[in-house]
Amino acid sequence: MADAPGHLLGQIIGNTLEDSLEPLLRQVAVENGLYLDKKGSRAARTGLKCTWTDGLGNAHDLDFVLERAGNENHRGTPAAFIETAWRRYTKHSRAKAQEIQGALLPLLQHHSAAKPFAGAVVAGQWTSGALQQMRSSGFEVLHVSYEDIVAAFAAVGVDVDADEGTSDEYLKGQIDLYRALPQEQHDKVASSLISIASDEYLRFTEALEGSLRRKIVRIVVLPLSGALMEFTSLHDAIQAIEAYEPHAGRSAPFVRFEVQMTYSNGDEILGKFSQKDEAIAYIRTYIT
């Protein structure tokens, strides 16, 4: 059975939303030495989907992932997970927000040592509660309004301002009109979105870059059988751990090292290690 015109129109709008975001993410990737993964073929994985697996072995298909030390043949460490979604009616927005959370939260937990950026780029009619639900989970949310979507398509003469009373015949006519346009007109719709909703795109991009360019400003090493050791240098922290003798002059047995990293943007990461070598190897992963 052929897809209903309303569904096909939604796919077109969703794809356009992705197309508006991709060049911005590619620019961010180039400027920060990252690899941008998205749907399509890639030697580092099988299939065409951008699939990542959480700590329980569950697979999640994503729209965009920025990777540190990644390339066409090697999957790197995730620096950002970004999902996109279009919803015509607010009655569907809460469920979609939960779907996005269900995909990203397990991955964020699994890769907590890297503390990747989590972004949701959504368009259409969303309730404030659905948007806040994602923000309260630590997501940066870019919301393109329904009116902005309509205006972007109107720039190329396509009317997507439809509701449940709009006939399938009319929707099909607009879909055919869009498909008949040359590629540069399709690109114009995507670029129009950025122009029309420029404040939202700018705020989202700045938040993403702030996460990617964060720097470690404080390293706290806590041997649980001893006193707190604090440093501002990764190398100094390693030297202190190498020189540390767990049982020297102490009656209490050594339990573990706790290593806390604090970034310039306020992010914090905590690692716990029972062995010296494990703690040192963990800190070394942050030295670039």
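No value in this document is a laboratory result; all are computed from the given coordinates. Just so you know, these numbers come straight off a predicted model, no measurement behind them. In this analysis, Cβ positions are derived from the backbone assuming ideal geometry, glycine residues included, and neighbour counts consider all displayed protein chains.
The simple Förster model, with R0 at 30 Å and r as the Cβ-Cβ distance, assigns Val255 and Lys215 a FRET efficiency of 0.50. Each of [x] 22.1; [y] 21.5; [z] 19.6 is a candidate for Kirkwood radius over Cα pairs in Å; the one calculated from this structure is [y]. Between the C-alpha center of the range 146-194 and that of the range 261-283 there is a gap of 49 Å. Pairs exceeding 23 Å between alpha-carbon atoms, taken from Lys39/Lys91; Lys115/Lys215; Lys91/Lys188; Lys38/Lys188: Lys39/Lys91; Lys91/Lys188. Taken over the Cα atoms of the range 140-288, the convex hull encloses 175 Å³ per residue. Partners of Lys96 within straight-line reach, counting aspartates and glutamates whose Cα lies under 17 Å from its Cα and excluding those fewer than 8 residues away in the same chain: Glu18, Asp61, Asp63, Glu83, Glu140. How much FRET efficiency would the formula 1/(1 + (r/R0)^6) give for Asp61 and Ser233, where r is the Cβ-Cβ distance and R0 is 51 Å, rounded to 0.05? After rounding to 0.05, the efficiency reads 0.80.
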